[in-house]
Amino acid sequence: MPKTQINNSCQIKRPGDPCAIVLFGASGDLTSKKLMPALYSLFTNNYLPSSFYIIGCARTVHTDDSFRDRVRASLENISLNKEGKIDEFLGRIYYIQIKYDDPASYADLAERIKSLDKEKSIPENRLFYLAVPPNLYNNISNMLGSSGLSVEGVEKNNWTRIVVEKPFGRDLETAMILDASLKQSFKEDQIYRIDHYLAKETVQNILFFRFANTIFEPLWNSRYIEYVDILAAEKIGIEKRAGYYEQAGIIRDMFQNHMMQLLSLIAMEPPSKFNSEVIRDEKAKLFNSLRPFDLKDKKNELVLAQYNEGVIDGEKVCSYRNEEGVNPSSLIPTYASFKMYVDNQRWEGVPFFLRAGKRLDQKMTRIIVQFKKLKHSIFNNVICGDLNANRLTFYIQPVEKITLSFETKNPGSSFCAGTQKMEFVPDGKGQHLEAYEKVILDCLNGEQLLFLRQDAEELCWSYFTGFLKECATCFDSQKNLKFYEAGTAFYTVN
Ligand code: NDP
Ligand code: BG6
């Protein structure tokens, strides 16, 4: 009988290399809402290197102490304050006021890093995190290059990495320009392009589900699968991000990145091994197989829509056009849905429905893999009711679970079929990391699996660039943009 093996590699890998973590945009929303809480949580769980420090950089005036107060407030808000630990954590945080395009600021930064490295005996390992609006990425990376801060001390095995937040460009052309600019100072393996969806537990489980079991992969094709439906519904609106959202809209904000990554994990071919380059090769191949989107083809069922005012959780919420900072006649879509195809043997003719939107009735991200109905049922002459086809659903958030539905006979003397669900719900045991904790940790460990590679980035942009260009003009008459009441359940399959 096979023995259960205990696999020690399941332990979270604590990065060994002492390092400096430099956050640009340290006065911003992402830093206080996601990065500091993630770093703090990693710290309290002993997942950060034994020796590290954090430097916050931004234009806002702060001293080390006033910045620490700000960080303390952001941590207290989310009740992560473990006794005694917060002061120890804050003690490792420093602040330096910079102008993003001023060489003198980077000289100051280099000086500060040098002296803190010396004081704490930290070798030259540096993580630069760009938590700033994307139009600053070029400037910062060029300045890091010209000040010598992007260089890696190869002889001593020291590393320098740069983390770039999405959106990575706004179309194919700008993504390529941005990449060329980053590459003036950093090599591809130093660049970590984040898509935090890849760090979600159930998203990672898709790979295990598909490739660690024998029973699903033989069915994973057009012979057995009717369609795939990927949904990312949100209750929140655009919050205080009008400046960004008015330029982005739902396609750039959710589809070019998160939705495409979910699609790639469901649809890619089996990689030969679990290795970040091999897996990222397969994703790129998949993106290369996408059938170009034809806007004129009504069969693509394209819907672009924007929220009107409505009620969510009993509270009245305003329309998109009334959000602070939004153009009152904006034509930016906050919801999109359409059908796409993968032109390869495995997925011939199988539609992939993608839909995502803000201000819907619930937060729900999930992927349905809908199997085909039985071609011939032996029960046709005896059962009451229809037999439902099997369905596999990956629930990503807010609950994480995987369900498989199948048909059984209902108890009783007559032949009635009933649909049962088999559920896998993570038991909460083991070491759970939030998405931003996971990406920071992987970055410190030099693990690129959860980060996007430039070739795949460009393929995703090329899929959407034509689409976005045409849509910029196809709304002239407004007739193509639909409006929905906030709080609507805008999706039918669940
Ligand atoms: P913010 O708008 O809060 O900006 C971060 C900081 O950048 C600000 O505190 C400000 O600092 C500086 N800044 C802002 N605008 C300008 C400007 N025009 N010129 C110079 N400096 C400016 O952004 P977020 O923190 O929300 O986001 C940072 C990055 O992370 C963005 O790329 C965003 O797309 C991405 N992101 C954010 C998420 C979030 O939840 N917030 C989620 C996923 C990705 P100062 O004025 O002090 O220099
Ligand atoms: C971000 C988008 O990348 O993802 C936001 O910019 C969106 O608009 C968010 O709300 C959704 O992330 P999550 O993890 O809450 O599904």
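Laboratory data are not the source of any read-out in this text; all were calculated from the coordinates shown. This is a predicted model, so every value here is computed, not measured. We place every Cβ from the backbone using ideal geometry, glycine too, and count neighbours over all the protein chains shown.
Miscellaneous remarks
- The lysines whose alpha-carbon is closer than 29 Å to the alpha-carbon of Lys85, local same-chain residues fewer than 8 away aside, are Lys13, Lys33, Lys34, Lys114, Lys118, Lys120, Lys200, Lys429, Lys438.
- Spin-label pair Asn410-Ser66: with each label point 7 Å from Cα along the Cα-Cβ axis, the two points sit 6.9 nm from one another.
- For the peptides 227-238, 313-324, 297-308, residues were scored by their other Cβ atoms within 10 Å and the scores averaged per peptide; the highest-first order is 227-238, 297-308, 313-324.
- Under 5 Å, built H, 5+ apart or other chain: amide partners of Ile12: none
- Neighbour net charge for Thr393 - beta-carbon separation under 10 angstrom, K R +1, D E -1: +2
- Acute angle (nearest 10 degrees) that the helix 454-474 long axis makes with the longest principal axis of the chain, alpha-carbon atoms: 70 degrees
- Helix 435-444 axis, angle to the chain major axis (alpha carbon atoms, nearest 10°): 50 degrees
- The chain - share of DSSP beta bridges that are antiparallel (%, nearest 5): 55 percent
- Other residues within the sphere of radius under 11 Å centred on the Cβ of His62, judged by their own Cβ, net out at 0 (K and R +1, D and E -1).
- For the pair Asn480 and Glu88, label points projected 7 Å from Cα toward Cβ lie 5.7 nm apart.
- Added length on full extension, which subtracts the Cα-Cα distance from 0.36 nm per residue, Glu309 to Asn157: 49.1 nm
- Positive end of the dipole of the chain (Cβ unit charges, origin at the Cα centre): among Tyr436, Gly385, Thr44, the Cα lying farthest that way belongs to Gly385.
- Across the options Trp347, Ala336, Ser319, the greatest Cα extent toward the positive end of the charge dipole of the stretch 309-354 (unit charges at beta carbon of Lys, Arg, Asp, Glu) belongs to Trp347.
- J(HN,Hα) series, the stretch 159-174, from Karplus relation 6.51 cos²θ - 1.76 cosθ + 1.60, nearest Hz, glycine and proline x: 10, 9, 10, 10, 9, 10, 7, 6, x, 8, x, 10, 6, 4, 4, 5
- With the charge dipole of the chain set up from +1 on Lys and Arg Cβ and -1 on Asp and Glu Cβ about the Cα centre, the Cα lying farthest toward the positive end among the listed residues Leu304, Cys471, Gln448 is that of Leu304.
- Long-range HN-HN contacts of Val22 with modeled amide H, under 5 Å: Ile55, Leu127, Phe128, Tyr129
- A straight chain from Ala107 to Glu348 at 0.36 nm per residue would run longer than the Cα-Cα distance by 81.1 nm.
- Extended-chain gain in nm, criterion 0.36 nm per residue less alpha-carbon gap, Lys299 and Met422: 40.9 nm
- The stretch 367-436-the stretch 287-351 distance, computed between alpha-carbon centres (Å): 28 Å
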